[in-house]
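Read the structure below first, then the notes.
The values are calculated or read from the model by the stated rules, or taken from the named source; none is laboratory data. Note that this is a predicted model, so its numbers are computed, not measured. Don't worry about glycine lacking a Cβ; one is built from the backbone with ideal geometry, like all the others, and counts go over all protein chains shown. When the accessible area is computed, the model is the full protein with side chains, heavy atoms only, and any ligands, DNA or RNA have been set aside. Shrake-Rupley method; radii C 1.70, N 1.55, O 1.52, S 1.80 Å.
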Amino acid sequence: MALYLLFESASGYALFHAHGIDEIGQSVDAVRSTVLDLKRFSKAVKLAGFTPFLSAVDALNQCNAISEGIMTDELRNFLELNLPKVKEGKKAKFRVGVMEPKVGSHITEATGIPCESNDYVQELLRAVRLHFDQFIDQLKPSDLEKAQLGLGHSYSRAKVKFNVNRVDNMVIQAIFLLDTLDKDVNSFSMRVREWYGWHFPELVKIVNDNYLYAKLAKFVVNKSDLSEKDIPALADLIGDEDKAKEIVEAAKASMGQDLSPVDLINVQQFAQRVMNLSEYRKNLYEYLVTKMNDIAPNLTSLIGEMVGARLISHAGSLSNLAKCPASTLQILGAEKALFRALKTRGNTPKYGLIFHSSFIGRASTKNKGRMARYLANKCSIASRIDCYSDMSSSIFGEKLREQVEERLDFYDKGVAPRKNLDVMKAAIEEDKEKENGDTTAKKSKKKKSKSEADGDAMDLDKPANTAAAEEGTEKKKKKKKHKLEEPQDQEMAANVDGEQDETPKKKKKKNRDAAESVEPKTATEGKKKKKKSKTEADD
């Protein structure tokens, strides 16, 4: 059986006929040693066909199609032109060696050409790549290198652009930064408490919040300077006058040691840094909320921004999370516990990152595993809707959240929840109503703008053409009067012939009924007259 080799180069498609190679009894190592020699390889393999790419854009499109395992129309035409034709109902007496198995399977499905991809074929294609510039006379090695370099740059640039446009990378970076900021803010605020506690130790017991403590440390600086005049300012900072008075009284009877002005300045600067970090953390959280509502609105409405962002970052991307089954999504973040349970043959974990959701915290201890399984199922549905839907709406996420609430009530109170089919139908109807409402609102806005523009134009033309407008209105009124008078005359004429209150159609029907009722009477009268005449004749 003849063997053909399909080679995809940076300059075009090439087809080689391996006629002088005996595959039987040859190992891959033997082929690897023999194909390095160009003289021996050129005798066994000959060029059967070559078609160049039209442009760099065409080369990039062909390369992208091959990497995804798709056969393009150009490749199909090239193979049908250069390969021997196969009669209908008969098997092909040749086979085509391909580097990518996916491309080979697609070629066999679409055209019926038998393809194969094994170690033997791959070694031959490696040899073809090595000696490719020697088989084509018009192609120079420098031209081939330029084509390879340009195609490599454009292909990698397209892949990088695809990754940049994937907005979920921003969510992954934001949630990682939020976690690190939480750790840093906590550690820095503890450092502020320890540092300033030497000077004013009673403040720790009065104020528990880290951010407020840093604010007070920056405001107070030296406890000996505090007086009753500072109570309104302290009340504005804390929001409580009683606590402000308590701070002033504690400062008067404080047991802390005095610090030098330089130490107090350093404490004040460090407290300002902690305040800036906590404010930046708030802004970053708002940014994460907006991004999550744009990227995965259904997942955020179902499980929240933080848990949804952690699921996306742990999976790697939104598409990876959408590909995960519900059983995998349920234990995301509990891999160590899972492998430890598998190793020791113990109980596997019931939940991973989903545990931070409020639904599992509200469920009872015996129903937490059930709730985690059900919630993972709904999260997988929401992530797939967010990943693969064109329209971004949170309707499905809200409906899925209602289903989870109903399942909680079912576990606690025994209230039967709605079916999934009914809930999804209601969500689809609401989505359609919203789309129709948006389109009608846009149309009404356009109509209003057009009518306002026309009104403005009419208002501008009014003072110049008042007389002409009055004449036109008088003519229109006369025409309307004539039109109104004509049907009245017709109705009067119709009413003279028949009854006044009936329409013409009703009159016709009544005339027919009258005629039908008259005909049988006349017929009976005629029969009676005939009978009378007969009796008279007999007499």
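Taking every Cα-Cα distance in the stretch 170-285 and sorting them into 10 Å bins starting at zero, the pair-distance distribution P(r) comes out as 14, 43, 29, 11, 3, 0 percent. Among the listed pairs Lys282/Lys399; Lys413/Lys434; Lys282/Lys323; Lys183/Lys336; Lys366/Lys425; Lys368/Lys399, which have their C-alpha atoms separated by more than 25 angstrom in this model? Exceeds cut-off: Lys282/Lys399; Lys413/Lys434; Lys282/Lys323; Lys366/Lys425. A simple spin-label model places the labels of Tyr285 and Asn222 3.6 nm from each other, with each point 7 Å out along Cα-to-Cβ. Between Asp294 and Ala110, residue separation times 0.36 nm minus the direct Cα-Cα distance comes to 62.3 nm.
Pairs of lysines in the stretch 2-160 whose Cα atoms sit within less than 26 Å of one another amount to 19, provided the residues are eight or more positions apart or on different chains. Using only side-chain charges placed at the Cβ, +1 for Lys and Arg and -1 for Asp and Glu, the dipole size of the stretch 170-285 relative to its Cα centre rounds to 300 debye. As a calculated quantity, the FRET efficiency between Asp143 and Ser389 at R0 = 41 Å, using C-beta atoms, amounts to about 0.35.
Once you divide the Cα radius of gyration of the stretch 159-237 by 2.2 N^0.38 Å, the number left is 1.71. Once C-alpha pairs closer than 8 Å and six or more residues apart are averaged by separation and normalised to the residue number of the stretch 189-246, the relative contact order reads 28 percent. Name the residue farthest towards the positive end of the dipole of the stretch 170-285 from the options Asn266, Ala251, Ala233, assuming +1 on Cβ of Lys and Arg, -1 on Cβ of Asp and Glu, about the Cα centre. The Cα lying farthest towards the positive end belongs to Asn266.
Multiplying the residue separation of Lys46 and Lys93 by 0.36 nm and subtracting their alpha-carbon distance yields 15.1 nm. Protein-only accessible surface at a 1.4 angstrom probe places the residues Thr51, Thr72, Thr348, Thr365 in the order Thr365, Thr348, Thr51, Thr72, largest first. Taking the square roots of 5 times each eigenvalue of the Cα gyration tensor of the stretch 262-352, largest first, gives ellipsoid semi-axes of 37, 22, 9 Å. Viscosity 0.890 mPa s, temperature 25 °C: what is the translational diffusion coefficient of the stretch 296-434 from Stokes-Einstein with a Kirkwood Rh over Cα pairs, rounded to a whole number of µm²/s? Stokes-Einstein gives a translational diffusion coefficient of 158 µm²/s. DSSP beta bridges confined to the stretch 2-160 are antiparallel in about 70 percent of cases. Annotation: extensible slack from Lys336 through Glu429 equals 29.2 nm (criterion: 0.36 nm per residue apart, minus Cα-Cα distance).
Treating each Cα of the stretch 2-160 as one equal point scatterer and applying the Debye formula with no solvent, the log10 of I(q)/I(0) at q = 0.08, 0.18, 0.20 Å⁻¹ comes out as -0.23, -1.20, -1.42. Work out the charge dipole of the stretch 296-434 with +1 on the Cβ of Lys and Arg and -1 on the Cβ of Asp and Glu about the Cα centre, then indicate which of Ser358, Phe339, Met391 is farthest towards its positive end. Toward the positive end, the furthest listed residue is Phe339. The stretch 47-89 has equivalent-ellipsoid semi-axes of 23, 14, 7 Å, by the square roots of 5 times the alpha carbon gyration tensor eigenvalues, sorted largest first. Dividing the convex hull volume of the alpha carbon atoms of the stretch 125-196 by its residue count gives 171 Å³ per residue.
Here Ile206 sits with roughly 20 square angstrom of accessible surface, probe radius 1.4 Å.
Among Leu342, Leu178, the order of accessible area from largest down is Leu342, Leu178, computed with a 1.4 Å probe on protein heavy atoms. Across the options Ile136, Thr108, Gln122, the greatest Cα extent toward the positive end of the charge dipole of the stretch 60-175 (unit charges at beta carbon of Lys, Arg, Asp, Glu) belongs to Thr108. A crude spin-label estimate for the pair Val86 and Asn276, with each label 7 Å from Cα along the Cβ direction, gives 7.2 nm.
Using Cα-only point scatterers and the Debye equation, what is log10 of I(q)/I(0) for the stretch 66-116 at each q in 0.19, 0.21, 0.25, 0.32 Å⁻¹, rounded to two decimals? Summing over Cα pairs of the stretch 66-116 leads to -0.60, -0.73, -1.01, -1.45.
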